[in-house]
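Here is the structure we will look at.
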Amino acid sequence: MPGYLSTRASFHQKYIKPMLACRNPKATEIQTREGEEALSLLHRQILPFLLRRLKTDVLNELPEKVVQDCLCQLTDIQKSMYAAIVDKCSLVRDKDKEKDEFSLSALHTLISLRKLVDHPLLIAEVLQKLNLRDNFDVRKKANQL
């Protein structure tokens, strides 16, 4: 319904300007009242178009949740990247974290491996930080998936 809230300039003058003025910490009592009135008027105008439903209201109408697990094999590229990340992260842990080498936390490693399973491009930044990007041309190999 174009034009329902009038023109852009008129909307700005009628609603936005008073609401912004009332939010100012130095707003007068009149500005505060005008801002509240503008907000109330806008609320009344758009209320018929808002659809609010609570989960409890529609729970009986919702179908049962269906979960389907599909097992998929990793590609050769994903397998090699997965192994490289695991090796790199466990090597750094074993060497008591060499100072010149970047290391991932256990949680970050798990998240990165999960992203890798979805798609190798999601971990391009991680490969770069682990100095593994040269080993895997991520963009080229991702297109082979």
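Numbers at a glance
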read-out	value
Residue tally, condition closer than 29 Å to ARG114 by Cβ and modelled with pLDDT under 90, over the range 42-68	5
Cβ-Cβ under 7 Å pairs, at least 6 apart or on other chains, the range 107-120 side part of a helix (DSSP H, G or I), far side among the charged types (D, E, K, R)	PRO120/LYS141
Matching option when the condition is β-branched (Val, Ile, Thr), more than 30 Å from VAL117 (Cα to Cα) and in contact with a helix residue (DSSP H, G or I) (Cβ under 8 Å, 6 or more places away or on another chain), among THR32, THR28	THR32
Conditions (1) part of a loop (DSSP other than H, G, I, E, B); (2) modelled with pLDDT of 90 or more; (3) of a type outside the set (Phe, Trp, Tyr): number failed by GLU98	(2)
Any hit, the range 10-20, residues being in contact with an Asp or Glu (Cβ under 7 Å, 6 or more places away or on another chain) and surrounded by 13 or more Cβ atoms within 10 Å (Cβ to Cβ)	yes
Members of the range 10-31 found to be under 18 Å from ILE46 (Cα atoms) and of a type in the set (A, V, I, L, M), listed by number	ILE16, MET19
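Residue by residue, here is whether (1) closer than 30 Å to LEU110 by Cα; (2) among the charged types (D, E, K, R); (3) touching a residue at least 40 places away in the same chain (Cβ under 8 Å) holds:
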{"position": "LEU41", "(1), (2), (3)": "no, no, no"}
{"position": "ARG44", "(1), (2), (3)": "no, yes, no"}
{"position": "ARG53", "(1), (2), (3)": "no, yes, no"}
{"position": "ASP57", "(1), (2), (3)": "no, yes, no"}
{"position": "PRO63", "(1), (2), (3)": "no, no, no"}
{"position": "ASP69", "(1), (2), (3)": "yes, yes, no"}
{"position": "ILE77", "(1), (2), (3)": "yes, no, yes"}
{"position": "TYR82", "(1), (2), (3)": "yes, no, no"}
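The values are calculated or read from the model by the stated rules, or taken from the named source; none is laboratory data. Owing to the predicted nature of the structure, the values given are computational and were not obtained by experimental measurement. In this analysis, Cβ positions are derived from the backbone assuming ideal geometry, glycine residues included, and neighbour counts consider all displayed protein chains.
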